[in-house]
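The structure appears below as structure tokens.
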Amino acid sequence: MNTPKLFIPGPTEVLPEVLAEMSHPMVTHRNKTASELQRRISNNLRRVLLTKNEILLSTSSGTGFMEGAVRSTTAKRAAIFSVGAFGKKWYKIAQGNGVPSDIFESELGQPTTPEMVDAALATGKYDTICVTHNETSTGIQNPVEEIAELLKSKYPEVVWCVDAVSSAAGSKIETDKLGIDCLVTSTQKALALPPGMAVCAISQKAYERTATVKNRGCYFDLRDIYDVIQKKDYQYTNTPCVSIMFAMDKQLQHILQEGVEHRFERHEKMAEYVRNWAREYFAIFPNEKYLSKTLTVVTNTRNLNIGDLNKALIERGMLIGNGYGDLKDKTFRIAHMGELTLDDCRAVTESILDICGIK
Ligand SMILES: *Cc1c(COP(=O)(O)O)cnc(C)c1O
């Protein structure tokens with residue numbers, strides 16, 4: 001089967017040697033070798049996520065740990081800041097779990113501002129906030145540095161959960177410097193692994209908070225997972241997807257070989273290139289001051305039929321993303337994350353111009 005190269009925001013391209021690790025014979029997840037493998041994965045993830053915090057893993061997609069984070073850390077009420085589809089999802093998760101919460105929405109294409117966070121927290125109603133780092137539906141990267149300043153100076157007791165599903169391991173996120181308490185991501189985006197594992201870097205502050213939360217659920221109870229991996233030397237509460245563990249171990253070695261700083265720079269360069277292309281031939285959808293480093297959401301100023309465009313792209317071995325939700329056909333999305341290169345970005349953008357007879 002000929003599969004097109006993926007320029008969609010997940011799943012992304014996986015290196016053949018990493019993919020091959022998925023066919024490793026099964027092993028027990030309850031012995032010393034399993035502990036060593038899973039401890040090494042946690043240590044290497046810390047280097048990629050720029051944190052000394054404990055790393056939790058779960059066999060689920062990223063949404064699992066979004067649920068775990070908001071449910072396990074909210075003792076009082078959560079303020080959820082939404083800049084698009086994935087912020088709304090966090091609110092849906094909180095509501096579905098009976099976690100008291102309010103949503104604060106920005107217009108599509110606009111960020112969550114520190115002023116919005118300040119106004120919400122000044123009420124004193126909230127002990128947890130949820131922020132999307134990189135909104136995959138609109139192409140916004142939120143100003144987490146400014147939000148971090150605000151939290152440090154005025155609200156140090158608030159637990160800060162960040163959805164970095166589509167940016168971690170692509171954009172530089174200084175988890176510890178920013179003081180992020182729960183940084184959530186998953187494997188199939190900038191980490192460039194198959195889908196199936198969620199990752200959460202959890203701070204001591206968030207861990208301590210969980211003790212005051214009564215109904216933390218079970219499968220995604222961050223406290224339980226944290227406690228079990230301490231007690232059992234990185235063996236997990238349940239049977240994890242051992243196959244992804246093998247692939248993850250290999251991919252993390254690859255990422256560290258590339259060098260995390262080089263990886264972030266490569267993403268910056270791809271983003272610059274695709275943005276410039278979008279400005280020249282189309283327009284960029286979100287506010288230019290807050291652009292994502294891992295995908296570009298392009299306004300479909302030429303009224304292209306995105307379905308037809310993708311059919312023609314597939315013939316050439318490539319696939320891009322249509323707009324998400326209400327932005328379908330009004331925008332299209334080019335992801336530049338994971339293992340893609342500048343040459344890949346040139347190939348897809350030039351093909352689009354060629355197919356559409358632009359130039
Ligand atoms: C993809 C995505 C999610 C959902 O992640 P899953 O791994 O599919 O559960 C959440 N937030 C953002 C920003 C995403 O891009």
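The values are calculated or read from the model by the stated rules, or taken from the named source; none is laboratory data. For clarity, every value in this text was computed on a predicted model and none was experimentally measured. Cβ sites come from the backbone with ideal geometry, for glycine too, and all protein chains shown count toward neighbours. Just the protein is used for accessible areas: all its heavy atoms, side chains included, with ligands, DNA and RNA removed. Shrake-Rupley method; radii C 1.70, N 1.55, O 1.52, S 1.80 Å.
Between E105 and S82, the built amide H atoms are under 5 Å apart, and every one of these is 5 or more places off in sequence or on another chain. Loop-located trypsin sites (Lys or Arg not before Pro) in the range 211-260 (DSSP state other than H, G, I, E, B) with a sparse environment of at most 13 neighbouring Cβ atoms within 10 Å: K214.
What a 1.4 Å probe finds exposed on the chain is 50% carbon and sulfur by accessible area, rounded to a whole percent.
Taking a ≥ b ≥ c as the square roots of the eigenvalues of the alpha carbon gyration tensor, the range 105-216 is oblate, as a/c is not under 1.5 and a/b does not beat b/c. Using C-alpha pairs below 8 Å separated by at least 6 residues, the relative contact order for the range 265-359 is 32 percent. Computed from the C-beta positions of E280 and H254 and an R0 of 51 Å, the FRET efficiency is 0.95 to the nearest 0.05.
Over the chain, DSSP H runs of length four or greater, each weighted -39,500 (n - 2.57), average out per residue to a 222 nm ellipticity of -13000 deg cm²/dmol. Placing a label point 7 Å from the Cα of R77 along the Cα-to-Cβ direction, the residues of the range 140-158 whose backbone N falls under 17 Å from that point are 158. With both residues required to sit in the chain, DSSP beta bridges show an antiparallel share near 50%. Across F65, F104, F86, mean-square fluctuation computed from a Gaussian network of the chain (C-alpha pairs under 10 Å connected) peaks at F104. As a length-normalised measure over Cα pairs under 8 Å and 6 or more apart, the relative contact order of the range 17-256 settles at 31 percent.
Potential lengthening of the chain between K177 and D118 amounts to 19.3 nm, from the contour at 0.36 nm per residue minus the alpha-carbon distance. Restriction of the GluC sites (Glu not before Pro) in the range 63-168 to DSSP coil positions whose beta-carbon has at most 13 other beta-carbons within 10 angstrom yields E107, E157. Peptides 252-261, 13-22, 189-198 ranked from most to least packed, by the mean per-residue count of other Cβ atoms within 10 Å: 189-198, 13-22, 252-261. Projected label points at S153 and C356, each 7 Å from Cα along the beta carbon direction, are separated by 4.3 nanometres.
FRET efficiency for the pair N303 and R47, taken as 1/(1 + (r/R0)^6) with r the Cβ-Cβ distance and R0 = 35 Å, rounds to 0.15. At full extension, N31 and C218 could sit 65.0 nm farther apart than now, given 0.36 nm per residue minus the alpha carbon distance. Heavy atoms of the protein chains alone define the surface here; on that basis the chain has 41 Å² accessible area per residue at 1.4 Å probe size. Taking a ≥ b ≥ c as the square roots of the eigenvalues of the Cα gyration tensor, an a/c ratio of 1.5 or more together with a/b larger than b/c marks the range 17-256 as prolate.
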